[in-house]
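The next block holds one structure in the form of structure tokens; read it before the comments.
The values are calculated or read from the model by the stated rules, or taken from the named source; none is laboratory data. For clarity, every value in this text was computed on a predicted model and none was experimentally measured. Cβ sites come from the backbone with ideal geometry, for glycine too, and all protein chains shown count toward neighbours. Just the protein is used for accessible areas: all its heavy atoms, side chains included, with ligands, DNA and RNA removed. Shrake-Rupley method; radii C 1.70, N 1.55, O 1.52, S 1.80 Å.
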Amino acid sequence: MLIIELPPETLDHIAGALESPVDVRSLAGVCTLLRSLVSPHHTQFRIIRAPLLSPVWTKFADNHSLAQNVRTLEVQSAEIKWNYEGVEEPVIPAIFRNLEAPSLPVAHPEADEADDDDVGALRARDAAKNAADLAAERILVSALKGMAGLTSFQWSRTPPLINPNAEADVWMVLAKYCPLLRSIDVVDREKPYEPLLEDTDDSAYQRPTRNPNFFLFRDLTSFLLQTEAFNVGEFGVPNIERCGKMLVEDCPNLEVLRLRYILYANPDCKAVNANTILTGAHWRSLREIRLFSFDIISTELARFLASHPTLEHLSLINVRVDSSIALLPGTLPCLKRLRIHPGWAITHSILKSAVSVPRPLELISSAPFDDTFLDLLELSGSGPTLKKVSVEAENDLSHLITRLSDIAPNLQWLHLGHSEYLTTRTNRDLFPVFGQLPLLRTLQGIKFLSSACESPSENTEVVRALVKACPNIRRINWYMGNILDLSKDVIIERDGSHVIWSLRRMMGEREGPVDISWGERGQGTFEL
């Protein structure tokens with residue numbers, strides 16, 4: 001029997017079982033019949049990213065045969081693009097893009113200025129927004145009931161509003177109707193602050209960390225949670241114990257774990273204890289763990305690291321360890337990315353821990369830039385694989401950079417920590433020093449250019465000298481006088497001997513749109 005002779009339901013099931021987009025396109029290319037079956041249902045519905053108030057959820061709620069084709073889903077905030085830079089654009093099937101979205105009850109901050117001083121109007125607007133969100137959330141829940149093929153779910157907005165004690169909410173439906181779900185990513189955002197209302201949170205919010213349905217998931221391979229803890233204790237205390245129980249007991253195949261608690265001087269939540277997660281955990285396939293704002297007992301951390309040899313990415317930011325840590329030999333043999341801040345002792349302990357084959361380290365952040373760190377890095381044997389290093393540098397860079405170039409000759413990205421010594425002078429005398437790193441593309445934490453240059457061409461001449469010393473350099477910081485401008489970087493582009501440099505708005509590691517409003521001092525071109 002030829003494949004095209006199979007019933008349409010069987011062909012649809014076959015197309016739905018293909019995970020790779022390349023395989024889906026190959027199937028569609030077999031013949032006209034298969035192309036009509038595969039496109040658009042299996043080509044435009046795999047990834048959906050849209051605000052909660054998008055009309056796309058109604059389409060999925062009304063047609064579960066379409067909803068079952070969704071694999072990756074993100075629910076965004078209606079206001080998110082106003083409040084947060086670098087947010088991904090919505091991804092909606094082409095056949096739904098012309099649908100009219102409902103009007104928002106809350107405008108952006110510059111609208112409705114006449115009501116800005118009216119507390120009653122602001123509360124009414126808040127209530128109207130919550131009512132609209134609640135209605136949309138119920139439609140989303142109905143749509144989720146048809147997404148049996150969903151494997152990844154991301155929530156990137158303020159918390160849900162459905163009362164889990166009264167009706168089925170997002171988390172209960174995901175756990176019950178999406179058996180293939182393996183990845184949960186929740187950015188539990190704070191309520192947009194309104195000074196007149198003096199609200200730190202909204203009593204209507206059903207925050208995931210206080211919702212028992214949020215801990216019903218099984219067999220997750222990736223769990224990411226970022227949440228806020230507010231000044232009012234009853235709104236901010238996270239149920240870390242229940243979270244740890246779910247992950248340790250019900251998710252034995254966990255590969256990625258990221259937990260980020262942002263604390264706002266909450267007296268009932270000054271620190272979150274991570275030992276309830278680390279104790280007893282043994283995820284045989286764990287590749288990445290990132291913890292932000294936690295307290296950890298050193299012995300528990302040492303045991304955890306020793307029992308997870310598959311770890312490739314370890315990030316401990318604003319994590320307090322009760323005492324110095326002693327690691328067993330052979331700990332973290334597969335480690336590629338190491339981010340520890342503060343706490344140089346942990347970085348030193350990992351580099352001291354002997355392994356049979358040097359770790360394939362590609363990134364270290366952060367460490368003191370001194371001979372002790374370089375001695376340990378050299379002893380570890382991981383220098384040749386390093387591509388990115390973030391250190392806290394002071395002075396004596398000539399000697400240290402020379403050593404670093406010998407130990408890590410393939411370094412491409414170097415961050416020097418923005419010390420006062422390096423940011424209150426131009427440092428142009430150090431160009432030959434950095435030239436010892438032949439592959440260096442990004443250099444941050446040190447001042448070369450400034451808005452306070454004496455003439456429009458001065459910065460261009462500085463870039464020329466830098467490119468001559470470091471031919472692969474592509475990105476450096478921008479300073480407003482002696483103050484680092486975190487929103488902009490200098491990007492250097494080369495086409496043979498032709499070089500263009502310009503200021504770009506930066507969104508983390510990504511470049512934003514060019515802004516030419518900075519004039520000649522913010523851009524230039526020259527020939528080498």
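Side notes on the structure shown:
- Selection status of residue 408, modelled with pLDDT of 95 or more, crowded, with 16+ Cβ neighbours inside 10 Å and in contact with a helix residue (DSSP H, G or I) (Cβ under 7 Å, 6 or more places away or on another chain): yes
- Scanning the stretch 340-393 for residues that are touching a strand residue (DSSP E or B) at 6+ places or on another chain (Cβ under 9 Å), part of a loop (DSSP other than H, G, I, E, B) and not charged (D, E, K, R) returns 342, 343, 361, 369, 382, 386, 393.
- Taking (1) of a type outside the set (Val, Ile, Thr); (2) within 21 Å of residue 298 (Cβ to Cβ); (3) open to solvent by less than 20 Å² (accessible area, probe 1.4 Å); (4) under 24 Å from the mean Cα position of the chain (by Cα) in turn, residue 386 satisfies each apart from (2).
- Where helices (runs of 4 or more DSSP H) fall entirely within the stretch 26-138, those with at least 1 residues that are modelled with pLDDT of 90 or more and aromatic (Phe, Trp, Tyr) are at 56-62.
- When residues of the stretch 500-522 are limited to those that are assigned to a strand (DSSP E or B) and buried (at least 19 other Cβ atoms within 10 Å of the Cβ), the one modelled with the highest pLDDT: 501
- Flag if residue 225 is surrounded by 17 or more Cβ atoms within 10 Å (Cβ to Cβ), at pLDDT 95 or above and of a type in the set (A, V, I, L, M): no
- When we screen 423, 442 for residues that are touching a residue at least 12 places away in the same chain (Cβ under 8 Å), within 30 Å of the chain's Cα centre (by Cα), buried (at least 16 other Cβ atoms within 10 Å of the Cβ) and under 27 Å from residue 497 (Cβ atoms), the only hit is 442.
- Taken over the stretch 230-275, the criterion of being at pLDDT 85 or above and either surrounded by fewer than 18 Cβ atoms within 10 Å (Cβ to Cβ) or part of a helix (DSSP H, G or I) (or both) is satisfied by 242, 243, 244, 245, 246, 247, 248, 249, 250, 252, 253, 258.
- Residue, modelled with the highest pLDDT, within the stretch 276-300, restricted to residues that are buried (at least 17 other Cβ atoms within 10 Å of the Cβ), more than 21 Å from the chain's Cα centre (by Cα) and part of a loop (DSSP other than H, G, I, E, B): 283
- Any hit, the stretch 322-339, residues being in a helix (DSSP H, G or I), among the hydrophobic types (A, V, I, L, M, F, W, C) and open to solvent by less than 40 Å² (accessible area, probe 1.4 Å): no
- Residue count for the stretch 472-496 under the criterion of being open to solvent by less than 40 Å² (accessible area, probe 1.4 Å), charged (D, E, K, R) and either within 18 Å of residue 419 (Cα to Cα) or out of contact with any helix residue (DSSP H, G or I) (no Cβ under 9 Å at 6 or more places or on another chain) (or both): the result is 3.
- Test: residue in the stretch 394-415 that is part of a loop (DSSP other than H, G, I, E, B), of a type in the set (Gly, Ala, Ser), under 29 Å from the mean Cα position of the chain (by Cα) and farther than 21 Å from residue 332 by Cα: no
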